[in-house]
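Only one structure is covered here, and it is reproduced in the block below.
None of the figures in this text is laboratory data; all of them are computed from the coordinates on show. Everything numeric here is computed off the predicted structure, so don't read it as measured data. Here the Cβ positions follow ideal geometry from the backbone for every residue, glycine too, while neighbour counts run over all protein chains shown.
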Amino acid sequence: MTKTLVQAVAFTLSALTTLGTVAAANGIAAKQFVAATHEAEAADGTTHLAMQRVVIVAHRAKA
């Protein structure tokens, strides 16, 4: 395999891994958001707004 092909494959796998990580974090945050909202509404019968934030920190290793 050529160096360019290896780099293209590495980039593609990196992009897919990043997208998968972001999608998983979003899914977890959404599930927790719904659970927190339902818990707050059940506590006193009023509607509340829960805020959540997902921060992704990436570190790139030098090859």
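Might you report the magnitude of the Cβ-based charge dipole of the chain about its Cα centre, with Lys and Arg at +1 and Asp and Glu at -1, to the nearest 20 debye?
About 620 debye.
What number, rounded to the nearest 500 deg cm²/dmol, is the helix-based mean residue ellipticity at 222 nm of the chain, given -39500 (n - 2.57) per DSSP H run of at least four residues and division by all its residues?
Counting only the DSSP helices, I get -24500 deg cm²/dmol.
Using a 7 Å offset from the Cα along the Cα-to-Cβ direction at both I56 and H38, what is the distance between the two label points in nm, to one decimal?
Label-label distance for I56 and H38, simple model: 2.6 nm.
Using only Cα atoms and rounding to the nearest 10 degrees, what angle (0 to 90) does helix 3-44 make with the longest principal axis of the chain?
0 degrees
When only alpha-carbon atoms count, how far does the chain stretch along each of its three principal axes, as whole angstroms with the largest first?
64, 18, 10
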